[in-house]
1. Between LYS401, LYS87, LYS157, where does the largest GNM mean-square fluctuation fall for the chain, given springs only between Cα atoms within less than 10 Å?
2. Long-range amide H contacts for ARG354: which residues qualify at under 5 Å (H placed 1.01 Å from N, peptide plane, sequence gap of 5 or more or a different chain)?
3. Pull up all non-local amide H partners of VAL349: gap of 5 or more, or a different chain, and H-to-H distance under 5 Å with H placed in the peptide plane.
4. Heavy atoms only, probe 1.4 Å: what % of the accessible area of the stretch 1-112 goes to carbon and sulfur, would you let me know?
5. Using a cut-off of 9 Å between beta-carbons, work out the net charge of the residues near PHE35 (Lys and Arg +1, Asp and Glu -1, PHE35 not included).
6. So for HIS101, HIS199, HIS253, what's the accessible-area order with a 1.4 Å probe, most first?
7. Among ASN166, ASN198, ASN353, whose mean-square fluctuation peaks in a Gaussian network model of the chain (Cα, cutoff 10 Å)?
8. Taking every DSSP beta bridge with both residues inside the chain, roughly what % is antiparallel (nearest 5)?
Amino acid sequence: MIITVVGGGSTFTPGIVKSIAQRAKELDLDEIRLFDIDKERQDKVAVVVEWILREDVKTDVKLTVTNDVKEAYTDATFVFAQMRVGKYEMREQDEKIPLKHGCVGQETCGCGGMAYGLRTINPMIDLIDDVEKYAKKDHWILNYSNPAAIVSEACRKLRPNARIINICDMPIAIIDIIAESLGIKDVNNIVYDYFGLNHFGWFTSIEYKGRDIMAEIKEYIKKHEILLPESYIERIKKAQSVGNRHAVSSWNHVWKSVYTMLESFPDYLPNTYLTYYLLAKETVEKSNIDRTRANEVMESREKDLFEGVEHYLKTGEISQKAFYAGSHGDWISDLAVAIKNDTKARFLVITENRGTIPNMPYDAMVEVPAYIGKNGPEVIARGPIPLFQQGLMMQQVNSEKLIVEACVENSYEKALQAFTLNKTVPSMRVAKAILDDMIEANKGYWPELR
């Protein structure tokens with residue numbers, strides 16, 4: 001059993017590798033391969049990965065670090081994809097260019113998400129083709145790469161037979177926050193229902209050991225006017241770390257927005273990312289164009305890891321900030337276990353609708369629960385969704401489809417239509433101004449739009 005991690009130079013790689021290694025027996029794992037086109041960066045991350053495998057998890061699983069496509073994929077059973085085309089320098093542009101024009105600046109939502117998508121579509125298709133060429137015939141690509149909604153639509157359109165499952169860990173992060181808020185320790189006993197698109201959905205029910213806890217969650221949010229554990233709230237006030245990358249101070253607006261959205265639309269619990277669409281104006285007002293989330297990550301997680309590696313290589317001393325690996329990889333690793341062992345465990349996946357939500361298009365890429373086994377997802381069908389949610393989803397689906405068509409057809413007009421249609425953009429003129437700035441910033445990354 002060989003698992004290849006694409007984007008081996010990511011700061012998330014150590015956490016993913018740790019999660020894989022902890023499940024080595026369940027996966028019959030022999031080898032982990034890291035693959036990245038940036039050798040210098042990957043070699044530094046590999047120092048942490050090697051330490052995690054040998055000193056932390058204490059496993060003899062083989063580690064291969066490569067920049068060669070054939071070596072990366074040959075005979076691989078699973079490929080975990082987490083590419084970030086353009087790295088954080090381009091994420092900074094994704095966030096700051098829309099803000100300059102008074103629109104939401106976010107890496108996966110709105111114009112920033114579409115810019116990121118146009119950089120990622122073709123590399124993802126190349127990945128699918130390379131894996132198909134070299135990996136085992138029954139391989140699975142498990143994709144964490146953002147923007148997942150646009151990437152999954154591109155895969156559906158361009159490689160409909162690809163053995164790829166697109167997933168996102170944000171709903172799981174929300175469930176973890178809910179569990180900690182309510183004092184629930186065994187989060188694995190929480191079962192939820194959910195529908196939507198990636199970063200654009202709603203929880204319709206949440207149960208703990210068969211007991212409906214949605215009313216408790218809503219009451220907690222109403223009482224605190226935020227969806228965060230009390231301990232997190234106090235530590236954030238004191239500018240202390242809470243140990244959760246989704247609960248830093250710059251996310252406060254997002255977690256508070258859950259309260260605001262529930263006050264007006266109380267039926268379903270919204271994914272936090274709906275903040276960027278339903279409270280776009282307020283989000284822009286809370287944003288700092290001079291220091292966006294990209295800057296924060298580069299100055300914290302990125303800086304800590306690479307400085308920690310340099311210090312370790314010089315002194316042999318371990319830095320907690322650099323060598324601590326969180327649970328970011330648990331969701332994708334558990335998915336691999338479910339496929340490998342045909343467990344039919346329940347996961348949230350991004351998949352072609354095909355009637356799952358009756359009043360959404362057949363070919364929309366929706367995010368819904370499914371049972372996972374050796375043959376992939378068995379999606380759980382549901383009844384029609386309310387008009388409000390359907391209307392929002394249709395606008396977003398069409399914006400995403402248009403940006404994929406713009407990439408495929410090298411069409412400036414369709415890119416402009418995608419930007420104009422997106423709910424985060426107030427007018428066609430603003431859409432055009434942002435698009436033109438994005439074209440300039442993404443030279444060498446985007447297909448040439450004509």
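1. LYS87
2. HN-HN under 5 Å from ARG354: ASP363, ALA364.
3. It is VAL368, ALA370, by chain and number.
4. Working: 1790 of 3970 Å².
In the stretch 1-112, the share of accessible area belonging to carbon and sulfur is 45 percent.
5. -2
6. If we order HIS101, HIS199, HIS253 from most to least accessible, we get HIS101, HIS253, HIS199.
7. Comparing ASN166, ASN198, ASN353 in the GNM, the peak value goes to ASN353.
8. Expressed as a percentage, antiparallel bridges in the chain total about 55.
The values are calculated or read from the model by the stated rules, or taken from the named source; none is laboratory data. What you see is a predicted model, and the numbers here were worked out from it, not measured in a lab. Every residue, glycine among them, receives a Cβ derived from its backbone with ideal geometry; neighbour counts consider all protein chains shown. The accessibility values were calculated without ligands, DNA or RNA, using every heavy atom of the protein model including side chains. Shrake-Rupley method; radii C 1.70, N 1.55, O 1.52, S 1.80 Å.
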